[in-house]
Amino acid sequence: MRKYTPKDNVQGKAKYTDRFWVAPRVPRESFDEDSHFAAVHKAMNEAVDVLDAYVELDQLVIHIRPEDNIAALKVLKNRCDYAMCSELSAIDYLAQDGEFEIFYQMLNLKKAKRTRILTRIKENQAIESIVPLYAMANFAEREMYDMFGIYVNNHSYLKRIIMPDDWVGHPLRKTYPLQGDEHAAWYEVDKIFGKEHRDVIGPENRDPGRIDRYDSQRFSRVGYEVPFGAQEAESETEQPIEYSKQILVDYTTGSEVLDTRK
Amino acid sequence: MQQPNKLKPFFENLNFERDDNTMVINFGPQHPSAHGQLRLILELEGEKVVKAHPDIGYLHRGVEKMAENMIYNEFLPTTDRLDYIASTSNNYAFALSVEKLIGLEVPRRAQVIRTMLLELNRIMSHLFFLATHALDVGAMSIFLYAFREREFAMDLVEDYCGARLTHSAVRIGGVPLDLPAGWLEQLSTYIDKLPEQIKLYEDLLTENRIWKMRLEDVGVVTPEDALSWGCTGVLLRGSGIQYDVRKEEPYELYGELDFDIPVSDRNDSYGRYRLYMEEMKESIKILRQLIPMHRKSEPQIMAHNPKYISAPKEEIMTQNYALMQHFVLVTQGMRPPKGTVYAPTESPKGELGFFIRSEGEPYAYRLKVRAPSFFHTGILQHILPGTYLADVVAIIGNTNIVFGEVDR
C-alpha cells in the first residue's frame, strides 16, 4: 500500500520522528518585569481586547482579535511611540486550525524596544489595511496577498507583487508544493501558445546541460559528423555513445583499424 | 482586462499609447541603471515623473518557500543569494536568529571573526554602492578606483573562506575556520591604506560641482516618510534619525566596540552619500579595535552544544558519540524548540532580520526575511513623482537596493 501523505501540508517532513519526543518551547516570560512592556500592555488593554500577552526572546507579544488591528496599532503608534512597523506577514495554520496567523513586527526607536502583534483570521476572512498608519504596508500587504491569498480591505492597489498577475495559486501556502503545481509547470506554454500546445511542446526541461544527440542543428558529435539539419533519429541504429574514436594505422600494410584497446 | 493570445501575451493592463499629454515609459527590468531586475513604469509629463510604479519579482526564487523545506544548516548557503553584495551579513542574520531561538552562546573568537567579516562586508558593500552610484551619475573613474579597493577586501574574504561572492562564512554556532596565518597583518595593511583611498574618493566627489548638482536636493526623504515607509539603515539616518541596530540593540561585539553612528539631516541623496563615506571610516575604526581582540581570545570557534551543533572534526573522527550526534544532525537536522524569533541586524543596506516560527521540527515552519531593500523599493513610488527622469537613475542608485533580497 502506498504511504499516506497529507494533502493539506505538502512541505518537507522530518525523516525520523520519535513518538515519545515532546518539543520544548522557548520560555515565555511575564511582561511585568519590563516597565516599558508593562506600560504598552496597559495602554493596549484599555483600547482593545488583549487575548494573550507575554515576552518571548526580549520582545513583547500581544495576541488580539483581527477586527482590532487598526485600533491596536493606533495605540502603539500614538501612545507608545512605535513609529515604525518593521515587517508584517502571515503564517499558514490552515491544516491545523483553518486559520492564518498575521504578525505585525513593531519597533520603538526611542527606547529600542520591539513588540509583535499577532492575530488570527479564518481562511476567507479579510483584514483591514494598515496603510493609513504605516505606508510600508503598501508593499508588505501586497506580498501577503500574493503569497497567501489573504484579502486586505481598503488597500489602494491589492495586486500580486512578486508573482505574475495571472499566476494561479498562492506559493507560501502549505498546500502549494515546493516544485510548483501543474499551472506553474505549464505557465509559459499556456501563456504563449495556449493549453492545446502542451502535447506539441512537451514539459519544460530545466536541465541546462541537456544534450539531444539527434539534434544536428545545435549540437555536433565528434566522430559522427552529419550535415546541418540532418534527420537521423529514425534511420540510425542504436549504438553506444562514443565521443571520439581513434584509428590505428598499420604503416606496413596501410590498413586502418579502430582502436578498441580501452 | 486584455485577453491574452499568442501574439499579445498578457502582462498587465498597461496602455502605453495615450491621448493625453503624459507618456508611459517602461524602465527596466533590463536597464543597466536599474541595479538588477527592477522594472519601473513611469508616467511622464515632459521630463517630469508624475507617477511611478515599481514592479518587482523578476528575481523571485522562492527563498522563503525553500526555507520551509530545508533543515536549518542546509538553508544557510541559500541566504548568500539574498544580498549578494554582502553575503556574510545575510549568513550572520540567519545564524543569529537560529542561535537566539535555541539559546546558544557563541565563543569569543568566533564573535571576533564574525564581527570582522561583517565590517569587511560593510566596506565591500559601501564601495560597491559608491562605484555603481557614481557610474550611474556619470563619474566613471570612481567606479574603477572603488572596485580596486573592493577587490582587495574580496581577496581577504577569499583567503578566509575560499569564496569571493557567496561566502557562507558563518555557521550556526560559530564560524567554520579560524583566521589563516598572516591574515590579520594583511587586514591591517588593508585598513591602513583604505583611508587614503576614501580621501581620494571624497576629493573627487564631495566638492565636485557636477556631483553636487546631481545629488543635492534629489530624492528627498522626510523623516516622517522614512519611518512610515519602513526605511532603515542609511536611508533612515540620512533623514536625521539616529538609529543603528548595532548601537541600539547591540549584537555580537558591537556593545564593547567604540564607534560612532554618522547621521545627516539633509534628507537628500548628497547627505546619504556622505553617510556612506563616514560609515566606511567607522568600519575601519571597528576593524582596528578587533585585531587585538582576536589575539587575546581562546582558540575555540564553534559553540559546544551536542543537541544542536556538531562536535569539532577531531572529536567526530575519534569519539563514537560525537560521530553519532554528527550523523543525526546532518541527516535529520537540529530541532529548535517551539517558538518565534525575530532578530534584527544592521546589514549594509539597513535592518535585516529573519523572522522564524519553529514548531519543533527540523524544518522552519515559517521563515520571513525582513529585507531592507524591499521597503526601499516601496518608497520609490512615493519619492519619484515630481522628480525629473534624469534624477530617477540617481535616486535608484542612491537607495542602494539589491534585487536578490527584494524579490527573494
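The values are calculated or read from the model by the stated rules, or taken from the named source; none is laboratory data. A quick note: this is a predicted structure, and the numbers were derived from the prediction, not measured. When we count neighbours, we look across all protein chains shown, and the Cβ atoms used for this are built from the backbone with ideal geometry, even at glycine. For accessibility, only protein heavy atoms count, side chains too; no ligands or nucleic acids. Shrake-Rupley method; radii C 1.70, N 1.55, O 1.52, S 1.80 Å.
Brief remarks on what is shown
- Using a cutoff of 8 angstrom between alpha carbon atoms and counting only pairs six or more residues apart, the relative contact order for region A:179-232 works out to 22 percent.
- Under a 5 Å amide H cut-off, with hydrogens placed 1.01 Å from N, A:LYS113 pairs with A:ASN108 among residues at least 5 apart or on other chains.
- Per residue of peptide B:219-231, the mean number of Cβ atoms on other chains within 10 Å of the residue Cβ is 4.
- Candidate lysines - alpha carbon under 22 Å from A:LYS110, same-chain residues fewer than 8 apart omitted: A:LYS42, A:LYS74, A:LYS77, B:LYS247, B:LYS349
- Rounded if a/c under 1.5, otherwise prolate or oblate - the protein assembly as shown, Cα gyration tensor axes: rounded
- Helix B:389-399 and the longest principal axis of the C-alpha atoms of chain B enclose an angle of approximately 10°.
- Solvent-accessible area lost in complex, 10 Å² minimum, residues of region B:53-68 relative to chain alone, 1.4 Å: B:HIS53, B:PRO54, B:ILE56, B:GLY57, B:HIS60, B:GLU64, B:LYS65, B:MET66, B:GLU68
- Entry note, the protein assembly as shown: the mean residue ellipticity at 222 nm calculated from DSSP H runs of n ≥ 4, each adding -39500 (n - 2.57), is -11000 deg cm²/dmol after division by the residues and rounding to the nearest 500.
- Amide H contacts of B:LYS338: A:ARG25, A:VAL26, B:GLY360, each under 5 Å away and 5 or more positions distant or on a separate chain (H built 1.01 Å from N in the peptide plane; Pro and chain starts excluded).
- Averaging the sequence gap over all C-alpha pairs within less than 8 Å and six or more residues apart, then dividing by the number of residues, gives region A:28-136 a relative contact order of 23 percent.
- Per-residue Karplus couplings for region B:59-72, computed as 6.51 cos²θ - 1.76 cosθ + 1.60 with θ equal to phi - 60°, are listed in order as 10, 6, 10, x, 4, 5, 5, 4, 4, 6, 10, 10, 6, 4 Hz, Gly and Pro entered as x.
- Cα-based shape type of region B:215-261, given that a ≥ b ≥ c are square roots of the gyration tensor eigenvalues and the cut on a/c is 1.5: prolate
- What region A:4-69 shows is 62 Å² of accessible area per residue, with the surface traced by a 1.4 Å probe over protein heavy atoms.
- Cβ-placed point charges (K, R +1; D, E -1), dipole of region A:179-232 about Cα centre in debye, nearest 20: 180 debye
- Listed by chain and number, the lysines whose C-alpha is less than 19 Å from the C-alpha of B:LYS51, apart from same-chain residues fewer than 8 away, are A:LYS159.
- Rounded if a/c under 1.5, otherwise prolate or oblate - region B:136-267, Cα gyration tensor axes: oblate
- Taking all Cα pairs closer than 8 Å and separated by 6 or more residues, the relative contact order of chain B comes to 26 percent.
- Among the trypsin sites (Lys or Arg not before Pro) in region B:20-86, those placed in a DSSP loop whose Cβ has at most 13 other Cβ atoms within 10 Å are B:ARG61.
- Per-residue shielding of A:87-94, expressed as the average number of other chain Cβ atoms within 10 Å of the residue Cβ, stands at 5.
- 3J(HN,Hα) from dihedral phi, region B:287-304, Karplus parametrisation 6.51/-1.76/1.60, rounded to Hz, x for glycine, proline: 4, 4, 6, 6, 4, x, 5, 5, 5, 7, 7, 6, x, 5, 10, 10, 5, 9
- Residues in region B:168-175 carry Karplus couplings, in order, of 6, 8, 10, 10, 5, x, x, 10 Hz; the curve used is 6.51 cos²θ - 1.76 cosθ + 1.60 with θ = phi - 60°, and Gly or Pro positions show x.
- Solvent-accessible heavy-atom area per residue, rounded to whole Å², over region A:179-232 at 1.4 Å: 78 Å²
- Rolling a 1.4 Å probe over the protein heavy atoms gives chain B an accessible area of 38 Å² per residue.
- Here's how it looks for A:GLU99: its modeled amide H is under 5 Å from those of A:TYR93, A:LEU94, which are all 5 or more places away or on a different chain.
- Size of the B/A contact, given as accessible area buried on both chains, probe 1.4 Å, in Å²: 5200 Å²
- Surface composition of the protein assembly as shown: carbon plus sulfur atoms hold 53% of the accessible area, using a 1.4 angstrom probe and ignoring ligands, DNA and RNA.
- Occluded residues from region A:176-197, i.e. those whose accessible area drops by 20 Å² or more once the chain is not alone (1.4 Å probe): A:LEU178, A:LYS191, A:ILE192, A:PHE193
- The long axis of helix B:320-331 is offset from the longest Cα principal axis of chain B by roughly 20 degrees.
- Partners of A:LYS3 within straight-line reach, counting aspartates and glutamates whose Cα lies under 14 Å from its Cα and excluding those fewer than 8 residues away in the same chain: none found.
- For chain B, the longest principal axis of the Cα atoms and the long axis of helix B:87-102 meet at an angle of about 50 degrees.
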